[in-house]
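The values are calculated or read from the model by the stated rules, or taken from the named source; none is laboratory data. Everything quoted here is computed from the prediction, not taken from an experiment. Cβ placement follows ideal geometry from the backbone for every residue including glycine, while neighbour counts extend to all protein chains displayed. Ligands, DNA and RNA are excluded from the accessible area calculation, which covers all protein heavy atoms including side chains. Shrake-Rupley method; radii C 1.70, N 1.55, O 1.52, S 1.80 Å.
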Amino acid sequence: MPHNYRLKLKEKKINLATDLKKVELEPLNDSTEGKDQPLPAALEPGKALGFALVGLGTLTLAEILPAFASCKYAKPVALVSGDPVKAGKIASQYGIASKNIYDYKNFDAIKNNPEIDIVYIVLPNSMHEEFTIRAANAGKHVLCEKPMATSSAEATRMIDACEKAAKKLMIAYRIQYEPNNKLAMKWTRGSEFGKVRVIEAMNCQNIANSGQWRLKKELAGGGSLPDIGLYCLNTSRYLLGSEPEQVIASTISTPGDSRFKEVEEAVFFQMHFPGGVVANCSTSYGIHQSRRYRCYGDNGGWFGLDPAFAYKGLKMEVSKMVDDVEWRSNPAPGEKNQFALEMDHMARCVIEDKKPFTPGEEGLQDHKIMEALYQSAREGKPVKISGNPTGIDVFRGTLPE
Ligand code: NAD
(Lines give C-alpha, C1' and ligand atoms only; values in the text may rest on other atoms or scores of the structure.)
Protein backbone atom coordinates (compact mmCIF):
# COMPACT_ATOMS: atom_id res chain seq x y z
CA MET A 1 0.00 0.00 0.00
CA PRO A 2 1.63 3.31 -1.00
CA HIS A 3 2.39 5.96 1.56
CA ASN A 4 -0.35 8.45 0.54
CA TYR A 5 -3.09 5.83 0.84
CA ARG A 6 -1.91 4.76 4.28
CA LEU A 7 -2.03 8.43 5.23
CA LYS A 8 -5.58 8.69 3.98
CA LEU A 9 -6.70 5.67 5.98
CA LYS A 10 -4.86 7.15 8.93
CA GLU A 11 -6.77 10.43 8.45
CA LYS A 12 -9.98 8.47 8.52
CA LYS A 13 -8.49 6.89 11.64
CA ILE A 14 -10.13 3.54 11.03
CA ASN A 15 -9.53 1.10 13.83
CA LEU A 16 -11.93 -1.81 13.57
CA ALA A 17 -11.32 -2.85 17.17
CA THR A 18 -12.69 0.46 18.48
CA ASP A 19 -14.69 1.92 15.57
CA LEU A 20 -17.13 -0.95 15.38
CA LYS A 21 -19.19 0.04 18.37
CA LYS A 22 -20.58 -3.37 19.14
CA VAL A 23 -23.78 -3.80 21.08
CA GLU A 24 -24.75 -6.90 23.04
CA LEU A 25 -28.25 -7.79 24.17
CA GLU A 26 -29.48 -10.35 26.66
CA PRO A 27 -30.25 -13.64 24.87
CA LEU A 28 -33.89 -14.09 24.00
CA ASN A 29 -33.82 -17.88 23.86
CA ASP A 30 -32.14 -20.73 25.66
CA SER A 31 -28.94 -22.04 24.03
CA THR A 32 -30.84 -25.20 23.05
CA GLU A 33 -32.46 -22.99 20.38
CA GLY A 34 -29.08 -22.44 18.69
CA LYS A 35 -26.14 -20.09 19.12
CA ASP A 36 -26.95 -16.35 18.84
CA GLN A 37 -25.07 -14.59 16.02
CA PRO A 38 -23.25 -11.39 17.07
CA LEU A 39 -25.36 -8.29 16.34
CA PRO A 40 -24.19 -6.41 13.23
CA ALA A 41 -22.05 -3.33 13.85
CA ALA A 42 -21.13 -0.84 11.15
CA LEU A 43 -18.51 1.86 10.63
CA GLU A 44 -19.94 5.36 10.88
CA PRO A 45 -20.64 6.75 7.35
CA GLY A 46 -17.68 9.15 7.49
CA LYS A 47 -15.32 6.19 7.88
CA ALA A 48 -16.91 3.65 5.53
CA LEU A 49 -14.90 3.28 2.31
CA GLY A 50 -16.23 5.07 -0.78
CA PHE A 51 -17.14 3.09 -3.90
CA ALA A 52 -17.42 4.45 -7.45
CA LEU A 53 -19.78 2.35 -9.61
CA VAL A 54 -18.71 2.14 -13.25
CA GLY A 55 -21.64 1.17 -15.50
CA LEU A 56 -25.23 1.85 -14.53
CA GLY A 57 -26.93 -1.20 -16.06
CA THR A 58 -29.18 -3.92 -14.68
CA LEU A 59 -26.82 -5.34 -12.09
CA THR A 60 -25.79 -1.96 -10.65
CA LEU A 61 -29.34 -0.64 -10.42
CA ALA A 62 -31.20 -3.80 -9.40
CA GLU A 63 -28.68 -5.36 -7.00
CA ILE A 64 -25.51 -3.44 -6.19
CA LEU A 65 -26.78 0.03 -5.26
CA PRO A 66 -29.62 -1.32 -3.06
CA ALA A 67 -27.11 -3.70 -1.39
CA PHE A 68 -25.15 -0.80 0.11
CA ALA A 69 -27.97 -0.48 2.66
CA SER A 70 -26.72 -3.78 4.15
CA CYS A 71 -23.01 -2.87 4.06
CA LYS A 72 -21.03 -2.22 7.21
CA TYR A 73 -17.80 -0.88 5.70
CA ALA A 74 -18.79 0.41 2.24
CA LYS A 75 -20.86 3.26 0.82
CA PRO A 76 -21.57 4.55 -2.73
CA VAL A 77 -19.92 7.92 -3.38
CA ALA A 78 -19.52 8.22 -7.17
CA LEU A 79 -21.08 7.07 -10.46
CA VAL A 80 -19.50 6.60 -13.89
CA SER A 81 -21.84 6.46 -16.87
CA GLY A 82 -22.16 7.44 -20.52
CA ASP A 83 -25.65 8.83 -19.80
CA PRO A 84 -25.56 11.98 -17.62
CA VAL A 85 -29.36 12.20 -17.28
CA LYS A 86 -29.63 8.63 -15.96
CA ALA A 87 -26.61 9.15 -13.70
CA GLY A 88 -28.15 12.36 -12.29
CA LYS A 89 -31.40 10.59 -11.42
CA ILE A 90 -29.59 7.72 -9.72
CA ALA A 91 -27.21 10.06 -7.86
CA SER A 92 -30.17 11.91 -6.37
CA GLN A 93 -31.79 8.63 -5.30
CA TYR A 94 -28.69 7.51 -3.42
CA GLY A 95 -27.51 10.87 -2.08
CA ILE A 96 -24.43 10.96 -4.32
CA ALA A 97 -23.06 14.46 -4.98
CA SER A 98 -23.45 15.60 -8.61
CA LYS A 99 -19.77 16.60 -8.63
CA ASN A 100 -19.02 12.87 -8.21
CA ILE A 101 -20.64 11.87 -11.53
CA TYR A 102 -18.06 10.97 -14.18
CA ASP A 103 -18.28 9.71 -17.75
CA TYR A 104 -16.03 7.23 -19.55
CA LYS A 105 -13.80 10.02 -20.91
CA ASN A 106 -13.17 12.06 -17.76
CA PHE A 107 -13.04 8.91 -15.58
CA ASP A 108 -9.31 9.38 -14.90
CA ALA A 109 -10.13 12.52 -12.90
CA ILE A 110 -11.21 10.21 -10.04
CA LYS A 111 -7.51 10.40 -9.20
CA ASN A 112 -8.19 13.79 -7.59
CA ASN A 113 -11.23 12.64 -5.62
CA PRO A 114 -10.25 11.46 -2.13
CA GLU A 115 -13.81 10.31 -1.41
CA ILE A 116 -13.30 7.36 -3.81
CA ASP A 117 -11.36 4.45 -2.34
CA ILE A 118 -12.60 1.55 -4.51
CA VAL A 119 -13.84 1.35 -8.11
CA TYR A 120 -16.45 -1.35 -8.83
CA ILE A 121 -16.49 -2.22 -12.54
CA VAL A 122 -19.89 -3.41 -13.79
CA LEU A 123 -19.45 -3.01 -17.55
CA PRO A 124 -19.60 -5.45 -20.48
CA ASN A 125 -16.78 -7.98 -20.11
CA SER A 126 -14.48 -6.59 -22.81
CA MET A 127 -14.35 -3.21 -21.00
CA HIS A 128 -13.13 -4.65 -17.66
CA GLU A 129 -9.45 -4.53 -18.59
CA GLU A 130 -9.41 -0.89 -19.68
CA PHE A 131 -11.26 0.40 -16.63
CA THR A 132 -9.31 -1.75 -14.17
CA ILE A 133 -6.02 -0.41 -15.51
CA ARG A 134 -7.28 3.19 -15.57
CA ALA A 135 -8.62 2.86 -11.99
CA ALA A 136 -5.34 1.40 -10.70
CA ASN A 137 -3.38 4.15 -12.48
CA ALA A 138 -5.67 6.68 -10.78
CA GLY A 139 -4.60 5.22 -7.44
CA LYS A 140 -7.82 3.33 -6.64
CA HIS A 141 -8.46 -0.26 -5.58
CA VAL A 142 -10.61 -2.37 -7.94
CA LEU A 143 -13.54 -4.72 -7.50
CA CYS A 144 -14.36 -6.15 -10.94
CA GLU A 145 -17.41 -8.14 -12.02
CA LYS A 146 -17.12 -11.66 -13.37
CA PRO A 147 -15.99 -12.83 -15.83
CA MET A 148 -12.81 -10.92 -15.08
CA ALA A 149 -12.14 -10.21 -18.77
CA THR A 150 -12.50 -11.89 -22.15
CA SER A 151 -9.16 -13.73 -22.13
CA SER A 152 -6.34 -14.83 -19.84
CA ALA A 153 -4.05 -12.30 -21.56
CA GLU A 154 -6.35 -9.42 -20.53
CA ALA A 155 -6.68 -10.85 -17.01
CA THR A 156 -2.89 -11.04 -16.68
CA ARG A 157 -2.51 -7.40 -17.71
CA MET A 158 -5.13 -6.40 -15.11
CA ILE A 159 -3.23 -8.19 -12.33
CA ASP A 160 0.06 -6.64 -13.45
CA ALA A 161 -1.40 -3.11 -13.51
CA CYS A 162 -2.85 -3.43 -9.99
CA GLU A 163 0.36 -4.94 -8.68
CA LYS A 164 2.42 -2.14 -10.24
CA ALA A 165 0.15 0.50 -8.69
CA ALA A 166 0.12 -1.43 -5.35
CA LYS A 167 -3.68 -1.58 -5.47
CA LYS A 168 -5.94 -4.46 -4.51
CA LEU A 169 -7.87 -6.34 -7.19
CA MET A 170 -10.84 -8.53 -6.34
CA ILE A 171 -13.19 -10.39 -8.70
CA ALA A 172 -16.85 -10.33 -7.66
CA TYR A 173 -17.48 -14.05 -7.15
CA ARG A 174 -20.42 -13.46 -4.78
CA ILE A 175 -21.08 -17.21 -4.29
CA GLN A 176 -17.82 -17.58 -2.34
CA TYR A 177 -19.07 -15.11 0.32
CA GLU A 178 -22.56 -16.57 0.78
CA PRO A 179 -23.57 -18.69 3.84
CA ASN A 180 -25.27 -21.64 2.05
CA ASN A 181 -22.40 -22.11 -0.38
CA LYS A 182 -19.90 -21.71 2.45
CA LEU A 183 -21.57 -24.57 4.32
CA ALA A 184 -21.52 -26.70 1.14
CA MET A 185 -17.79 -25.93 0.82
CA LYS A 186 -17.22 -27.09 4.41
CA TRP A 187 -19.07 -30.36 3.77
CA THR A 188 -17.28 -30.92 0.44
CA ARG A 189 -13.92 -30.65 2.16
CA GLY A 190 -15.02 -32.50 5.34
CA SER A 191 -16.05 -36.08 6.03
CA GLU A 192 -19.78 -35.73 6.82
CA PHE A 193 -20.71 -37.35 3.48
CA GLY A 194 -17.50 -39.31 2.97
CA LYS A 195 -15.37 -38.18 0.05
CA VAL A 196 -17.23 -36.07 -2.50
CA ARG A 197 -16.46 -37.83 -5.78
CA VAL A 198 -18.89 -36.16 -8.20
CA ILE A 199 -20.26 -32.62 -8.45
CA GLU A 200 -23.11 -32.09 -10.87
CA ALA A 201 -23.78 -28.42 -11.73
CA MET A 202 -26.12 -26.64 -14.11
CA ASN A 203 -26.66 -22.93 -14.84
CA CYS A 204 -29.04 -22.11 -17.67
CA GLN A 205 -31.42 -19.37 -18.79
CA ASN A 206 -33.41 -18.52 -21.92
CA ILE A 207 -31.79 -15.31 -23.17
CA ALA A 208 -33.74 -12.53 -24.94
CA ASN A 209 -33.10 -11.90 -28.63
CA SER A 210 -32.57 -8.18 -28.02
CA GLY A 211 -29.24 -7.41 -29.66
CA GLN A 212 -27.73 -7.18 -26.18
CA TRP A 213 -23.94 -7.17 -25.67
CA ARG A 214 -24.01 -10.71 -24.21
CA LEU A 215 -24.68 -12.05 -27.73
CA LYS A 216 -21.74 -10.12 -29.27
CA LYS A 217 -18.43 -11.94 -29.19
CA GLU A 218 -16.30 -8.80 -29.11
CA LEU A 219 -18.04 -7.45 -26.00
CA ALA A 220 -18.83 -10.70 -24.15
CA GLY A 221 -15.85 -12.88 -25.11
CA GLY A 222 -18.09 -15.94 -25.45
CA GLY A 223 -21.64 -17.10 -24.85
CA SER A 224 -23.21 -19.01 -21.98
CA LEU A 225 -19.84 -20.31 -20.71
CA PRO A 226 -18.18 -17.07 -19.50
CA ASP A 227 -21.47 -15.56 -18.37
CA ILE A 228 -23.36 -18.28 -16.50
CA GLY A 229 -21.42 -21.52 -17.03
CA LEU A 230 -18.65 -19.77 -15.10
CA TYR A 231 -20.71 -20.29 -11.92
CA CYS A 232 -20.51 -24.09 -12.38
CA LEU A 233 -16.78 -23.86 -13.08
CA ASN A 234 -15.83 -21.43 -10.33
CA THR A 235 -18.12 -22.95 -7.69
CA SER A 236 -16.77 -26.48 -8.32
CA ARG A 237 -13.22 -25.15 -7.82
CA TYR A 238 -14.33 -23.29 -4.69
CA LEU A 239 -16.15 -26.28 -3.16
CA LEU A 240 -13.20 -28.61 -3.69
CA GLY A 241 -10.40 -26.09 -3.14
CA SER A 242 -8.35 -27.91 -5.78
CA GLU A 243 -7.72 -27.30 -9.48
CA PRO A 244 -8.75 -29.41 -12.50
CA GLU A 245 -6.00 -31.42 -14.20
CA GLN A 246 -7.96 -32.17 -17.36
CA VAL A 247 -11.14 -30.88 -19.04
CA ILE A 248 -13.40 -32.05 -21.84
CA ALA A 249 -16.17 -30.01 -23.45
CA SER A 250 -18.56 -29.70 -26.33
CA THR A 251 -20.40 -26.57 -27.48
CA ILE A 252 -23.83 -26.65 -29.12
CA SER A 253 -25.91 -23.94 -30.83
CA THR A 254 -29.35 -24.63 -32.30
CA PRO A 255 -29.06 -24.31 -36.11
CA GLY A 256 -30.92 -21.23 -37.38
CA ASP A 257 -31.34 -19.59 -33.93
CA SER A 258 -30.39 -15.98 -34.72
CA ARG A 259 -29.27 -15.35 -31.13
CA PHE A 260 -26.24 -17.56 -31.55
CA LYS A 261 -24.53 -16.19 -34.66
CA GLU A 262 -21.48 -15.00 -32.73
CA VAL A 263 -21.47 -16.84 -29.39
CA GLU A 264 -22.32 -20.38 -28.32
CA GLU A 265 -25.71 -21.33 -26.90
CA ALA A 266 -24.70 -24.24 -24.66
CA VAL A 267 -21.59 -25.91 -23.28
CA PHE A 268 -21.47 -29.34 -21.69
CA PHE A 269 -18.23 -29.91 -19.84
CA GLN A 270 -16.38 -32.09 -17.38
CA MET A 271 -13.49 -31.08 -15.17
CA HIS A 272 -11.30 -33.83 -13.71
CA PHE A 273 -9.83 -32.91 -10.34
CA PRO A 274 -7.03 -34.72 -8.44
CA GLY A 275 -8.01 -38.03 -6.83
CA GLY A 276 -10.54 -38.99 -9.50
CA VAL A 277 -13.08 -36.29 -8.56
CA VAL A 278 -15.26 -35.10 -11.45
CA ALA A 279 -17.40 -31.98 -11.92
CA ASN A 280 -20.01 -32.57 -14.63
CA CYS A 281 -21.42 -29.22 -15.78
CA SER A 282 -24.00 -27.85 -18.20
CA THR A 283 -24.76 -24.31 -19.23
CA SER A 284 -27.21 -22.99 -21.80
CA TYR A 285 -28.68 -19.70 -23.01
CA GLY A 286 -31.54 -21.59 -24.70
CA ILE A 287 -33.59 -23.31 -21.97
CA HIS A 288 -35.58 -22.36 -18.90
CA GLN A 289 -33.55 -21.19 -15.95
CA SER A 290 -31.96 -23.80 -13.69
CA ARG A 291 -29.22 -22.82 -11.28
CA ARG A 292 -28.29 -25.78 -9.16
CA TYR A 293 -25.63 -28.24 -8.05
CA ARG A 294 -25.30 -31.44 -6.08
CA CYS A 295 -22.24 -32.94 -4.45
CA TYR A 296 -22.28 -36.74 -4.20
CA GLY A 297 -20.26 -38.35 -1.41
CA ASP A 298 -19.19 -41.99 -1.11
CA ASN A 299 -20.67 -42.46 2.36
CA GLY A 300 -24.46 -42.56 2.14
CA GLY A 301 -25.44 -39.09 1.10
CA TRP A 302 -25.45 -36.05 -1.12
CA PHE A 303 -26.05 -32.36 -0.61
CA GLY A 304 -26.58 -29.39 -2.86
CA LEU A 305 -28.40 -26.18 -3.58
CA ASP A 306 -31.36 -25.51 -5.85
CA PRO A 307 -31.29 -22.67 -6.63
CA ALA A 308 -27.58 -22.28 -5.95
CA PHE A 309 -26.51 -19.32 -8.09
CA ALA A 310 -29.51 -16.98 -7.75
CA TYR A 311 -29.28 -13.64 -5.92
CA LYS A 312 -31.67 -14.83 -3.22
CA GLY A 313 -33.91 -17.68 -2.18
CA LEU A 314 -31.11 -20.26 -2.18
CA LYS A 315 -32.32 -23.61 -0.94
CA MET A 316 -30.15 -26.35 0.46
CA GLU A 317 -31.04 -30.02 -0.02
CA VAL A 318 -29.51 -32.94 1.84
CA SER A 319 -30.05 -36.66 1.43
CA LYS A 320 -28.51 -38.94 4.05
CA MET A 321 -28.93 -42.62 4.91
CA VAL A 322 -29.87 -43.04 8.59
CA ASP A 323 -30.84 -46.50 9.93
CA ASP A 324 -31.14 -47.79 6.34
CA VAL A 325 -33.64 -45.04 5.54
CA GLU A 326 -32.94 -42.16 3.18
CA TRP A 327 -33.64 -38.89 5.02
CA ARG A 328 -34.26 -35.73 3.00
CA SER A 329 -33.90 -32.35 4.64
CA ASN A 330 -33.50 -28.65 3.84
CA PRO A 331 -30.97 -27.16 6.29
CA ALA A 332 -31.16 -23.36 6.31
CA PRO A 333 -27.90 -21.64 7.31
CA GLY A 334 -29.54 -18.27 6.61
CA GLU A 335 -29.60 -15.73 3.85
CA LYS A 336 -27.51 -12.56 3.55
CA ASN A 337 -27.20 -10.01 0.76
CA GLN A 338 -24.44 -11.47 -1.40
CA PHE A 339 -23.36 -8.14 -2.91
CA ALA A 340 -23.13 -6.51 0.54
CA LEU A 341 -20.98 -9.41 1.75
CA GLU A 342 -18.56 -9.15 -1.16
CA MET A 343 -18.31 -5.32 -1.03
CA ASP A 344 -17.72 -5.40 2.72
CA HIS A 345 -15.02 -8.05 2.23
CA MET A 346 -13.27 -5.82 -0.32
CA ALA A 347 -13.51 -2.79 1.99
CA ARG A 348 -12.11 -4.77 4.93
CA CYS A 349 -9.22 -6.06 2.85
CA VAL A 350 -8.34 -2.45 2.00
CA ILE A 351 -8.68 -1.28 5.62
CA GLU A 352 -6.63 -4.20 6.95
CA ASP A 353 -4.24 -4.39 3.98
CA LYS A 354 -5.10 -8.03 3.19
CA LYS A 355 -5.42 -9.93 -0.07
CA PRO A 356 -9.09 -10.49 -1.04
CA PHE A 357 -10.35 -14.08 -0.96
CA THR A 358 -11.14 -13.90 -4.69
CA PRO A 359 -8.23 -11.85 -6.10
CA GLY A 360 -7.32 -11.35 -9.76
CA GLU A 361 -5.46 -14.68 -9.76
CA GLU A 362 -8.78 -16.48 -9.09
CA GLY A 363 -10.32 -14.84 -12.16
CA LEU A 364 -7.24 -15.53 -14.28
CA GLN A 365 -7.38 -19.25 -13.41
CA ASP A 366 -11.02 -19.39 -14.59
CA HIS A 367 -10.01 -17.81 -17.89
CA LYS A 368 -7.24 -20.38 -18.36
CA ILE A 369 -9.74 -23.19 -17.71
CA MET A 370 -12.36 -21.66 -20.06
CA GLU A 371 -9.71 -21.41 -22.78
CA ALA A 372 -8.91 -25.12 -22.24
CA LEU A 373 -12.66 -25.92 -22.44
CA TYR A 374 -13.05 -24.09 -25.77
CA GLN A 375 -9.90 -25.81 -27.06
CA SER A 376 -11.34 -29.20 -26.08
CA ALA A 377 -14.63 -28.41 -27.87
CA ARG A 378 -12.77 -27.27 -31.00
CA GLU A 379 -10.46 -30.28 -31.10
CA GLY A 380 -13.01 -32.85 -29.89
CA LYS A 381 -10.68 -34.30 -27.26
CA PRO A 382 -9.68 -33.82 -23.60
CA VAL A 383 -7.20 -31.05 -22.76
CA LYS A 384 -4.72 -31.38 -19.90
CA ILE A 385 -4.08 -28.41 -17.61
CA SER A 386 -0.56 -28.58 -16.26
CA GLY A 387 1.51 -26.38 -13.99
CA ASN A 388 -1.08 -25.77 -11.26
CA PRO A 389 0.56 -25.14 -7.89
CA THR A 390 -0.27 -27.93 -5.43
CA GLY A 391 -2.29 -27.26 -2.28
CA ILE A 392 -5.71 -26.00 -1.29
CA ASP A 393 -7.13 -22.61 -2.34
CA VAL A 394 -3.87 -21.84 -4.12
CA PHE A 395 -5.25 -18.79 -5.95
CA ARG A 396 -7.31 -17.38 -3.03
CA GLY A 397 -6.50 -14.80 -0.37
CA THR A 398 -7.86 -13.97 3.08
CA LEU A 399 -10.85 -16.04 4.21
CA PRO A 400 -14.03 -13.92 4.52
CA GLU A 401 -15.44 -13.56 8.03
P1 NAD B 1 -26.09 -4.34 -18.58
O2 NAD B 1 -26.13 -4.47 -20.07
O3 NAD B 1 -27.39 -4.30 -17.86
O4 NAD B 1 -25.28 -3.03 -18.17
C5 NAD B 1 -24.06 -2.69 -18.79
C6 NAD B 1 -23.80 -1.20 -18.61
O7 NAD B 1 -22.64 -0.89 -19.37
C8 NAD B 1 -24.94 -0.31 -19.15
O9 NAD B 1 -25.17 0.75 -18.27
C10 NAD B 1 -24.39 0.21 -20.47
O11 NAD B 1 -24.89 1.48 -20.82
C12 NAD B 1 -22.91 0.27 -20.18
N13 NAD B 1 -22.08 0.22 -21.40
C14 NAD B 1 -21.01 0.99 -21.62
N15 NAD B 1 -20.48 0.73 -22.82
C16 NAD B 1 -21.23 -0.22 -23.38
C17 NAD B 1 -21.18 -0.90 -24.63
N18 NAD B 1 -20.21 -0.66 -25.53
N19 NAD B 1 -22.11 -1.82 -24.88
C20 NAD B 1 -23.07 -2.12 -23.97
N21 NAD B 1 -23.17 -1.50 -22.76
C22 NAD B 1 -22.26 -0.56 -22.49
O23 NAD B 1 -25.16 -5.50 -18.06
P24 NAD B 1 -25.13 -6.11 -16.58
O25 NAD B 1 -26.06 -7.28 -16.50
O26 NAD B 1 -25.26 -5.05 -15.59
O27 NAD B 1 -23.64 -6.74 -16.58
C28 NAD B 1 -22.49 -5.96 -16.34
C29 NAD B 1 -21.35 -6.85 -15.83
O30 NAD B 1 -21.78 -7.47 -14.62
C31 NAD B 1 -20.94 -7.99 -16.76
O32 NAD B 1 -19.57 -8.20 -16.66
C33 NAD B 1 -21.69 -9.19 -16.20
O34 NAD B 1 -21.07 -10.42 -16.49
C35 NAD B 1 -21.68 -8.89 -14.74
N36 NAD B 1 -22.81 -9.49 -14.02
C37 NAD B 1 -22.57 -10.15 -12.86
C38 NAD B 1 -23.62 -10.70 -12.14
C39 NAD B 1 -23.36 -11.34 -10.81
O40 NAD B 1 -24.25 -12.00 -10.30
N41 NAD B 1 -22.19 -11.17 -10.22
C42 NAD B 1 -24.92 -10.60 -12.64
C43 NAD B 1 -25.15 -9.91 -13.81
C44 NAD B 1 -24.09 -9.35 -14.51
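Provide 257, 298, 36 ordered by accessible surface of protein heavy atoms (probe 1.4 Å), highest first.
36, 298, 257
Along the charge dipole of region 328-401, Cβ charges K/R +1 and D/E -1, which of 350, 364, 375 sits furthest on the positive end?
Selected residue: 375.
If R₀ is 22 angstrom, what is the calculated FRET efficiency for the pair residue 72 and residue 35, using the beta carbon separation as r and rounding to 0.05?
E(calc), rounded to 0.05, equals 0.60.
Given the DSSP H assignment, sum -39500 (n - 2.57) over each helix run of at least 4 residues in the chain and divide by its residue total; what's the result at 222 nm in deg cm²/dmol, nearest 500?
-8000 deg cm²/dmol
Which of the three applies to region 182-297, rounded, prolate or oblate, going by the alpha-carbon gyration tensor with a ≥ b ≥ c and a/c under 1.5 meaning rounded?
Because a/c hits 1.5 or more and a/b exceeds b/c, region 182-297 counts as prolate.
Considering all alpha-carbon pairs of the chain, what whole percent are spaced by more than 28 angstrom?
Across the chain, Cα pairs with separations above 28 Å total 49 percent.
Could you pull out every residue, at least 5 positions away or on a different chain, whose amide H is within less than 5 Å of the one on residue 74? Hs are placed 1.01 Å off N in the peptide plane, and Pro or chain starts have none.
For residue 74, whose amide H was placed from the backbone, the distant partners under 5 Å are 49.
What do you get for Rg/Rh of region 265-401 when both radii come from the Cα atoms and Rh is the Kirkwood radius?
Ratio value, two decimals: 1.00.
Please report the relative contact order for the chain, taking Cα pairs under 8 Å with a sequence separation of at least 6, and give it as a percent rounded to a whole number.
With pairs under 8 Å counted, the relative contact order is 16 percent.
When the C-alpha atoms of region 2-115 are aligned to their principal axes, what extent does each axis show, in angstrom, from largest down?
In descending order, the Cα extents are 58, 37, 20 Å.
Where in region 42-85 does the amide nitrogen come within less than 19 Å of the point 7 Å from the Cα of residue 103, taken along Cα to Cβ?
Under 19 Å, as judged by backbone N against the label point of residue 103, lie 53-57, 78-85 of region 42-85.
Please name which of 39, 16, 109 has its Cα lying farthest along the dipole of region 1-125 towards the positive end, using unit charges on Cβ (Lys, Arg +1; Asp, Glu -1) and the Cα centre as origin.
Toward the positive end, the furthest listed residue is 109.
Find how many whole Å separate the alpha carbon centroid of region 334-401 from the alpha carbon centroid of region 157-226.
8
Going 7 Å from the Cα of residue 189 toward and past its Cβ, which residues in region 144-177 have a backbone nitrogen under 14 Å from where you end up?
Output list for this probe position: 176-177.
Considering only Cα-Cα distances, which of the following residue pairs are longer than 31 Å: 168/261; 182/320; 72/99; 146/315?
Beyond 31 Å between Cα atoms: 168/261.
State to the nearest 20 debye the size of the charge dipole of the chain about its Cα centre, where the only charges are +1 on K and R beta carbons and -1 on D and E beta carbons.
Computed charge dipole of the chain: roughly 940 debye.
Taking the Cα centre of region 74-115 as origin, work out the dipole magnitude from +1 charges on Lys and Arg Cβ and -1 charges on Asp and Glu Cβ, in debye rounded to 20.
Computed charge dipole of region 74-115: roughly 80 debye.
Any idea what log10 I(q)/I(0) is at q = 0.14, 0.22, 0.28 Å⁻¹ for region 213-271, Debye with uniform C-alpha scatterers and no solvent?
Those come out to -0.44, -0.88, -1.13, one per q.
For region 103-116, take each phi angle, set θ = phi - 60°, evaluate the Karplus expression 6.51 cos²θ - 1.76 cosθ + 1.60, and give the result in whole Hz per residue in order, putting x for glycine and proline.
3J(HN,Hα) across region 103-116, in whole Hz: 10, 5, 7, 8, 3, 5, 5, 4, 3, 8, 10, x, 6, 8.
Report ³J(HN,Hα) in whole Hz for each residue of region 167-174, in order, from the Karplus equation J = 6.51 cos²θ - 1.76 cosθ + 1.60 where θ = phi - 60°; Gly and Pro get x.
Along region 167-174, the couplings run 10, 7, 10, 10, 9, 7, 8, 4 Hz.
Any idea of the accessible area per residue across region 254-401, 1.4 Å probe, to the nearest Å²?
Per residue, region 254-401 has an accessible area of 49 Å².
Which length gain, in nm to one decimal place, applies between residue 153 and residue 378 when the Cα-Cα distance is subtracted from 0.36 nm times their residue separation?
79.0 nm
Only bridges whose two residues both fall in the chain count here: according to DSSP, what percent of them are antiparallel, nearest 5?
That works out to approximately 60 percent antiparallel.
What FRET efficiency do you get for residue 209 and residue 299 if R0 is 51 Å and r is their Cβ-Cβ distance, rounded to the nearest 0.05?
Computed FRET efficiency for residue 209 and residue 299 comes out at 0.65.
Please get the size of the charge dipole for region 265-401, origin at its Cα centre, with Cβ charges of +1 on Lys and Arg and -1 on Asp and Glu, quoted in debye to the nearest 20.
Computed charge dipole of region 265-401: roughly 260 debye.
Can you tell which of 123, 299, 220 lies farthest toward the positive end of the dipole of the chain, using +1 and -1 charges on the Cβ of basic and acidic side chains (Lys, Arg; Asp, Glu)?
Toward the positive end, the furthest listed residue is 123.
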